[in-house]
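Please treat every number below as a calculation from the coordinates, not as lab data. All figures in this text were calculated on a predicted structure; none of them were measured in a lab. Positions of Cβ are backbone-derived with ideal geometry, glycine not excepted, and every protein chain shown enters the neighbour counts.
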Amino acid sequence: MKTITRNTEGTLRELGSKFLGFLFCCENEAELREQLDQIKKEYPDASHHCYGYRVDPNMLIEFSSDDGEPSGTAGLPILNQLKSAELINTGAVVVRYFGGTKLGKAGLIQAYGGTAELCISEASFKQIIQVQLMEIKYPYSQENLIQKLELTFDLTVQHSEYLEEITKVYACPIDKSQKCAIELASFEHLSIQSKMLHKSYISV
């Protein structure tokens with residue numbers, strides 16, 4: 001899976017109709033609604049504001065809307081382009097200005113899907129990987145050892161707390177998590193405590 005690093009736009013014309021595409025980052029449905037509302041304010045006189053989105057890699061939510069176009073001819077082609085590109089936490093809105101000539105179902109599918117594809121072709125991406133979250137608590141004297149673990153297992157800090165001891169929550173790539181857990185267990189005699197939390201996803 002991957003997500004986009006910046007928002008993109010694209011324009012397509014078909015038999016007099018004009019299609020304006022907008023591809024953007026959104027991590028939940030509320031952010032999608034905000035983007036959609038903003039686009040509707042900018043293009044209030046458009047015939048249709050159709051969209052698709054995919055959010056939350058931990059529990060995938062995907063949805064599409066035809067906004068008055070024949071069922072399956074607008075929102076679904078947009079969503080399918082997001083799926084084909086393996087995009088997550090991404091939404092796409094395609095605004096249509098009707099040009100007076102009906103495109104038919106096949107023409108609509110091609111136009112809406114093509115506009116979304118055009119936006120995706122202009123985007124840059126970053127990967128989203130599955131990770132194991134783990135909490136490590138250790139004395140300040142073991143900081144160098146923990147830093148070596150960070151490098152060895154590609155650990156990335158998600159949260160840190162510095163009190164009498166250091167407590168950090170790390171994200172470990174799922175394919176390295178088992179070896180990391182075994183190595184951490186071998187350091188208990190050094191007053192290094194660790195526990196596995198839950199699996200999640202991060203962008204890299």
Any number yet on Rg/Rh for segment 63-152, C-alpha, Kirkwood?
1.35
Quick one: which residues, 5 or more positions from E14 or on another chain, have an amide H under 5 Å from its amide H? H modelled 1.01 Å from N in the peptide plane, none for Pro or chain starts.
F19
Equivalent-ellipsoid semi-axes of segment 2-123, from the Cα gyration tensor, Å, largest first:
22, 14, 13
What residues have an amide H closer than 5 Å to that of Y51, excluding those fewer than 5 places away on the same chain, when H is modeled at 1.01 Å from N in the peptide plane?
S65, G75, V94
Separation between the D56 and T167 pseudo-spin-labels, each 7 Å from Cα along Cα→Cβ, expressed in nm?
2.7
Return one quarter of the surface area of the convex hull spanned by the alpha-carbon atoms of segment 129-203, equal to its mean projected area, in nm².
4.5
What are the ³J(HN,Hα) couplings of segment 35-45, residue after residue, when phi is run through the Karplus curve with 6.51, -1.76, 1.60 and θ = phi - 60°? Round to Hz, x for glycine and proline.
5, 4, 4, 5, 5, 5, 5, 6, 10, x, 8
Calculate one ³J(HN,Hα) per residue across segment 128-142 by plugging θ = phi - 60° into the Karplus curve 6.51 cos²θ - 1.76 cosθ + 1.60, and present them in order as whole Hz with x for glycine and proline.
10, 10, 7, 9, 9, 7, 9, 9, 10, 10, 8, x, 4, 5, 9
Where is the GNM fluctuation largest for the chain (alpha-carbon springs, 10 angstrom cutoff): D56, D45, D66?
D45
How much length, in nm to one decimal, is gained on full extension between H198 and S124, taken as 0.36 nm per residue of separation minus their Cα-Cα distance?
23.7 nm
Once you charge only the Cβ atoms, +1 for Lys and Arg and -1 for Asp and Glu, what is the size of the charge dipole of segment 84-147 about its Cα centre, to the nearest 20 debye?
420
Please turn the phi angles of segment 61-66 into ³J(HN,Hα) values with the Karplus equation 6.51 cos²θ - 1.76 cosθ + 1.60 (θ = phi - 60°), one per residue in order, whole Hz, x for glycine and proline.
10, 9, 7, 9, 9, 8
As an exercise, find the ratio Rg/Rh for segment 31-79 from alpha-carbon atoms, using the Kirkwood inverse-distance average for Rh.
1.01
Pulled fully out, how much extra length does the chain show between E42 and E143, if you take 0.36 nm times their separation in residues and subtract their Cα-Cα distance?
31.1 nm
Give the angle, between 0 and 90 degrees and rounded to the nearest 10, that separates the Cα long axis of helix 104-121 from the longest principal axis of the Cα atoms of the chain.
40
For K41, give me every one of the aspartates and glutamates with a C-alpha distance below 16 angstrom, ignoring sequence neighbours fewer than eight places off in its own chain.
E31, D67
